[in-house]
Amino acid sequence: MRPFLFQPTGAGRVKPNRRGFFKSVLGVVVCTATFALVPQAAAAANEARKETLQSINRVENPRDSMKPGLHGELGPYQFRSKTWAMHTRRPFADALNRTASDEVAVIHYEWIKAGLLRAGVSPSAYNIALAWNAGVSAVVNGRAPRVSHDYARRVSNLTADQLRGKQIAAN
């Protein structure tokens, strides 16, 4: 894991400016506090990933259909064969197996998240869903089609509702 010396919370790129010295000092202070909260931050990140993937599943395959999609997509996350092959050597038919599909979904989610972070784009539920539907390069280049933005909005709203419901239940 790389240290976040001049990137306070890993959120976006820090660009130098006239107050660069203060950002650097702040970055070190925030990083010190962040390292003490790593278990809580990791738990929150895992929860966000879980809820986002659950929302993607609900939008992609709300009836839990075993039939292939219009373009040959399979399983709860409606993987295409090329996407499936990027992340596993299992046969594409295994996309119908919930456990296998969940494992590949987590790998794909993390791959999307890493691509967004490398490009300086926030890995929000909205951007993850947008990239899931349109591709990372479309998100980074601002070229995702309107239908993909609609998809990302639905996933993001479902994710927010699920997280809000868990917060209410916890209180």
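Per-residue answers, yes or no, for (1) open to solvent by 40 Å² or more (accessible area, probe 1.4 Å); (2) under 19 Å from ALA152 (Cβ atoms):
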{"residue": "VAL38", "(1), (2)": "yes, no"}
{"residue": "LYS50", "(1), (2)": "yes, yes"}
{"residue": "GLN54", "(1), (2)": "yes, yes"}
{"residue": "PHE79", "(1), (2)": "no, yes"}
{"residue": "HIS87", "(1), (2)": "no, no"}
{"residue": "GLU110", "(1), (2)": "yes, yes"}
Scan of segment 122-138 for residues that are free of Cβ contacts under 8 Å to residues at least 24 places away in the same chain, closer than 21 Å to ARG58 by Cβ and part of a helix (DSSP H, G or I), ordered by number: LEU130, ALA131, ASN133, ALA134
Residue within segment 146-161 that is open to solvent by 40 Å² or more (accessible area, probe 1.4 Å) and not in a helix (DSSP H, G or I) present: no
First in segment 107-121 and part of a loop (DSSP other than H, G, I, E, B), second anywhere and open to solvent by 30 Å² or more (accessible area, probe 1.4 Å) and modelled with pLDDT under 95, Cβ under 7 Å, 6 or more apart: GLY120/ARG13
Subset of segment 64-110 [hydrophobic (A, V, I, L, M, F, W, C) and in contact with a His (Cβ under 7 Å, 6 or more places away or on another chain)]: VAL104, ILE107
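The values are calculated or read from the model by the stated rules, or taken from the named source; none is laboratory data. Computed from a prediction, not measured in an experiment: that's the story for all the values here. Counting neighbours? That spans all protein chains shown, and the Cβs are built from the backbone with ideal geometry, glycine included. Protein only, heavy atoms only, side chains kept; ligands, DNA and RNA dropped before computing areas. Shrake-Rupley method; radii C 1.70, N 1.55, O 1.52, S 1.80 Å.
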